[in-house]
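Asker: What follows is a single structure, and I will ask about it in a moment.
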Amino acid sequence: MKEETAIHRRVSDARAGRDPTVLGRCASGWAVFGHQQFVQGYLLLLPDPVVPDLNALTPERRTQFLLDMSRLGDALMRATSPVRINYAIFGNVEPALHAHVIPRYRTEPDGMQTQHPWAYDWNAAPAFDAVAAAPLIKTLRAGLAELGALRTP
C-alpha cells in the first residue's frame, strides 16, 4: 500500500471540492494557496494523480507540470508585481511531488528579502483566508484563464 501524504489528502479534498485554498484546476493538477501565507500569494501546484517525484512522470506530463508551475508564476507576476518568483520542488518532508511557487517582494523585511522562504517563521505566518484573498483569487484566476492554464475540474 502506498504511503498517504498531506499532498494525497489535499488532492483528494480538491477533487471533492472540500479545499478552500484551491485556486483552480490546471492540466497537470491543482493550484492551491499555501495554508500559511508567509508572503501574499504563496501557491503550490499539486499533481493529479499524485506521483512520488518529478521523475515519475512521463516526459509529456513532466513538461505539462513544469509549464503549469511557470504559468502560476506568470499570473502572480501580473497580479502582485513581485521582484521575482521562487520555484521549489523538494519532497523530502512530504514524499509526493508538489511545487512551491513563491512571489518575493521589495516590501519583505530587510533581512528576509534575500533569504530562502524557509527562513520565515511559518508558524507565525497568517493562515490563508479565502475572504481576504478574494480579490487576489479573482485576479489570479482571470490571469490563469488568459494564459490558458485553467480547466474545468
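The values are calculated or read from the model by the stated rules, or taken from the named source; none is laboratory data. Since we're looking at a predicted model, the values are computed, not measured. Neighbour counts are summed over all protein chains in view; Cβ atoms, including those assigned to glycine, are modelled from backbone coordinates with ideal geometry. Accessible surface is based on the protein model in full, side chains and every heavy atom, while ligands, DNA and RNA are left aside. Shrake-Rupley method; radii C 1.70, N 1.55, O 1.52, S 1.80 Å.
Asker: Before we move on, is residue 46 under 25 Å from residue 123 (Cβ atoms) and either open to solvent by 50 Å² or more (accessible area, probe 1.4 Å) or not in a loop (DSSP other than H, G, I, E, B) (or both)?
Answerer: yes
Asker: Moving on to the next point. Among 130, 75, 145, which is closer than 23 Å to residue 25 by Cβ and part of a loop (DSSP other than H, G, I, E, B)?
Answerer: Criteria check complete, one pass: 130.
Asker: Here is a follow-up. Counting only residues that are modelled with pLDDT of 95 or more, outside any loop (DSSP other than H, G, I, E, B) and open to solvent by 50 Å² or more (accessible area, probe 1.4 Å), which one in the range 82-117 is nearest to residue 50 (Cα to Cα)?
Answerer: Taking the candidates together, the pick is 87.
Asker: Go through the range 16-34 and count every residue that is surrounded by 15 or more Cβ atoms within 10 Å (Cβ to Cβ), in contact with a Phe, Trp or Tyr (Cβ under 9 Å, 6 or more places away or on another chain) and either outside any strand (DSSP E or B) or of a type outside the set (Val, Ile, Thr) (or both).
Answerer: The qualifying residues number 10.
Asker: Here's a follow-up. Report whether or not residue 11 is at pLDDT 95 or above and touching a helix residue (DSSP H, G or I) at 6+ places or on another chain (Cβ under 9 Å).
Answerer: Answer is no for this residue.
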